[in-house]
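Where a number appears in this text, it was derived from the coordinates with a stated rule and is not lab data. As the structure is a prediction and not an experimental result, all values here were calculated from the model. Using ideal geometry, Cβ is built from the backbone for each residue, glycine included, and neighbour counts are taken over all protein chains shown.
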Amino acid sequence: MERKVEQKDVVDFCKARWFVYAWSEIYGWLANSWDYGPYGSLLKENIKNLWIKEFVQKKPDMMLLDSSILLNPKVWEASWHVGGFSDPLIDDKNTKERFRADKLLEDLIEKLWEKNNDLLSKYNLPNLIPESWSLEKQTEVMRWEKVKNPNTWNPWDWSDCKKFNLMYKTFQWVTEDSTATVYLRPETAQWIFINFSNIARTSRRKIPFGVAQVWKAFRNEITPGNFIFRTREFEQMEIEYFCEPGTDLALHKEWKENCMNFLIETLWIKKENLRFRDHEKDELSHYSLATTDIEYKYPFGFWELWGIADRTDFDLKSHMTHSKQDMSYFDPVNNKKFIPYVIEPSVWLTRLLLATLFDAYTIEESEEWERIYLKLDPKVAPIKVWVLPVIKKIWDEAKKIFSQLSQDFQCEYDEVWSIGKRYARFDEIWTPFCVTIDSNNLENWNVTVRFRDSMEQVIVWIDELNEFLRKKM
């Protein structure tokens, strides 16, 4: 019988099984910062490479970009990040602690549940999405509902709600003044927009076409948490798909389905744990004509996993205005010039990794035993093949077989403990195949291949081992 998975189960597993470590732990840790261990790094790279394969390699209208972390700060002024990329923050006057007002209000709405209609009428609210409320309205509800400090649970004494910019500021050159100010990027999209003319000219692609990028981004989140779900340093996988105005809504719908299919068919995430949530008109970003989130059912509730937005021509127009450079596109087929609209599917790689871990983590229990393992697709699993010599005198030959296999697969070599214990350990991280080497088989130039799912074992000739596993993979 399978037991319900809690967040603590996965967090403990990740720390104990080489997936995620606390960052700079020997110095007391830096709050909500994480390093990815040997298996976590491989799992993350597998997910990233599968995304690139699906959305770049297999599509003739897609390209990949790799851009820098720092940009001319004028880019962020043009994109409204300097003035508008912010969260609503509120201070507890007693403790001097600072919180995201919209998140505290979301908790309030969740607790009130059946009384939410009363909340709507009492404060004349447009909806139950605090992020879309005005700062004044967020302050009003926080005070009159006497929302408590989540750390102390003491009665409210809240300041006015204010906007707090999320960008990390640093300095270029030797001086530290406003003329030398630059920002660590809070997203990866703007590099694609400012390079649009270069890409269109040098690639000679006709619209519609898309540009993808995978890179780190940085946000000075005031309330990071839930393990690696919301962190200040993260990796984004973003696509900007340029199209002719008027075709955007149909393409938005198509990209929604493409992203959902990737989650279900490629990463094996359970369909029942995923859902679409279309943004209401009053919560759409200023640049968006339509936005849909794919939400995943984490142990702490349904939360955004993947956002698919119709950004219209806002970004290209804005950069065109600020840079005085022409960002339009000339269609040689129809002999017309226009500023493209853009569909943006954007997912945090680290958040996608977490969803994959939660979905794959399995606990089977009976009165006599408990079995814990990750139920991963072989192409996602961090280690594909484990090489296991049975006795010490054949270690050298076993290492040669490891070298042969590692030409084609991510392998691991292990000569410690009994075979039974080693099998159990490799099953736990869902390694598809174990190659066991003993003296009797080795004399005939054979090895035993054990299949993780069925526990079946077959004898395979060493010269054919790589091809055998490639077909089974």
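Show the residues, 5+ positions off or on another chain, whose built amide H is closer than 5 Å to the amide H of Tyr413.
Counting only residues 5 or more places away or on other chains, the set is Val387.
Which angle between 0 and 90 degrees, to the nearest 10, do you get for helix 395-405 versus the longest principal axis of the chain when only C-alpha atoms count?
On a 0 to 90 degree scale, this one is about 50.
Along region 428-443, what does the Karplus equation 6.51 cos²θ - 1.76 cosθ + 1.60 (θ = phi - 60°) give for ³J(HN,Hα), rounded to whole Hz, x for Gly and Pro?
Running phi through 6.51 cos²θ - 1.76 cosθ + 1.60 with θ = phi - 60° gives 4, 9, 6, 6, x, 9, 10, 10, 9, 10, 10, 5, 4, 5, 4, 4 Hz.
Using Cα positions and a limit of under 16 Å, work out the aspartates and glutamates in reach of Lys421, with same-chain residues fewer than 8 apart set aside.
Correct list for Lys421: Glu370, Glu412.
Can you give me the long-range amide H partners of Ala290? Hydrogens built in the peptide plane at 1.01 Å from N, cutoff under 5 Å, separation of 5 or more residues or another chain.
Here Asp310 satisfy the definition.
If one takes the longest principal axis of the Cα atoms in the chain, at what angle in degrees, from 0 to 90 and to the nearest 10, does the Cα axis of helix 135-144 lie?
So the inclination is approximately 80 degrees.
Answer rounded, prolate or oblate for region 327-406, using the Cα gyration tensor with square roots of eigenvalues a ≥ b ≥ c: rounded when a/c is under 1.5, else prolate when a/b is larger than b/c, else oblate.
Because a/c hits 1.5 or more and a/b fails to exceed b/c, region 327-406 counts as oblate.
Please turn the phi angles of region 4-17 into ³J(HN,Hα) values with the Karplus equation 6.51 cos²θ - 1.76 cosθ + 1.60 (θ = phi - 60°), one per residue in order, whole Hz, x for glycine and proline.
Values, residue by residue: 4, 8, 9, 4, 4, 4, 6, 4, 5, 4, 4, 6, 7, 10 Hz.
If you take the square roots of the eigenvalues of the alpha-carbon gyration tensor of region 144-277 and sort them as a ≥ b ≥ c, do you get rounded (a/c under 1.5), prolate (a/b over b/c) or oblate?
Because a/c hits 1.5 or more and a/b fails to exceed b/c, region 144-277 counts as oblate.
How large is the charge dipole for the chain, taken about the Cα centre, if only the Cβ atoms of Lys, Arg (+1) and Asp, Glu (-1) carry charge, to the nearest 20 debye?
800 debye
Taking only the alpha-carbon positions of region 86-164 and ignoring solvent, what does the Debye formula give for the base-10 log of I(q)/I(0) at q = 0.14, 0.15, 0.19, 0.27 Å⁻¹?
-0.40, -0.46, -0.74, -1.44
Please report, in whole Å, how far the alpha carbons of the chain spread along each principal axis, starting with the longest.
77, 65, 50
Sequence-distant or interchain residues sharing an amide H contact under 5 Å with Trp306, placed H: which?
Ile294
Report, in degrees rounded to the nearest 10, the 0 to 90 angle that the Cα long axis of helix 248-261 makes with the longest principal axis of the chain.
Here the helix axis deviates by roughly 30 degrees.
What shape does region 383-472 take by its C-alpha gyration tensor, where a ≥ b ≥ c are the square roots of the eigenvalues and a/c under 1.5 counts as rounded, a/b above b/c as prolate, and the rest as oblate?
Cα axes put region 383-472 in the rounded bin.
Give me the three principal axis extents of region 1-152 from the C-alpha atoms, as integers in angstrom, largest value leading.
Computed over region 1-152, the largest-to-smallest principal extents equal 53, 49, 39 Å.
Residue-wise, which Karplus ³J(HN,Hα) couplings in Hz belong to region 197-214, taking 6.51 cos²θ - 1.76 cosθ + 1.60, θ = phi - 60°, and x for glycine or proline?
5, 4, 5, 4, 6, 7, 7, 6, 7, 9, 5, x, 8, x, 10, 10, 8, 10
Run the numbers on region 86-164 and let me know its relative contact order in percent, using alpha-carbon pairs under 8 Å that are six or more apart.
44 percent
Find the centroid of the Cα atoms in region 211-254 and in region 420-456, then give the distance between the two in whole Å.
What the calculation gives is 40 Å, centre to centre.
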